[in-house]
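Only one structure is covered here, and it is reproduced in the block below.
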Amino acid sequence: HQAASGESGAMASSSNAGGGDGAYGEQSDANKVSRVQAEVDEVSGIMKENVQTLVQQGEALNELSSKTDDLLHEARNFKKSSTQMKNKMWWMDMRMQLIIGGVVGIILLIIIINIVNSFKGDDDSY
């Protein structure tokens, strides 16, 4: 029974397309239009959500890019300051070694002079 009414609906629709003005054909066309409009609305909603998601992702990427640039800048500053600190510490170490070497040299010179003087003093007594 349903198949028969479906066929008659299809016939009414096709007869309406041919120029007849049956109420059933107009209702069927209205249903088709409303279904197509519903699908268009659904696709439109999905596309709006997709666009919003893309905008959010774009903002997140921009923020990430900004943070990456900041991190790169900080890394360069750190490298520069660490190199300066390394050079400063090298000079401090070198200065300390020179001071220690100078003190040791003076002490050795005093010891050598005392030894030489003590031998000279012994030579004078003979």
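The values are calculated or read from the model by the stated rules, or taken from the named source; none is laboratory data. Only a predicted model underlies this, so the values are computations on that prediction, with no experimental measurement involved. FYI the Cβ positions are ideal-geometry reconstructions off the backbone, even for glycines, and counts take in every protein chain you see. Keep in mind that these areas ignore ligands, DNA and RNA; they rest on the heavy atoms of the full protein, side chains included. Shrake-Rupley method; radii C 1.70, N 1.55, O 1.52, S 1.80 Å.
If the Cβ limit is 7 Å and pairs must be 6+ apart or interchain, which residue in the stretch 20-34 that is of a type outside the set (Asp, Glu) and assigned to a loop (DSSP other than H, G, I, E, B) pairs with which residue that is open to solvent by less than 80 Å² (accessible area, probe 1.4 Å) and modelled with pLDDT under 65?
Sorted first by the residue in the stretch 20-34, then by its partner, the pairs are Gly22/Ala12; Gly22/Ser15; Gly22/Asn16.
Scan the stretch 66-91 residue by residue and report those that are open to solvent by less than 100 Å² (accessible area, probe 1.4 Å) and either of a type in the set (S, T, N, Q) or at positive phi (or both).
Within the stretch 66-91, Ser66, Thr68, Asn77, Ser81, Ser82, Thr83, Asn87 meet the criteria.
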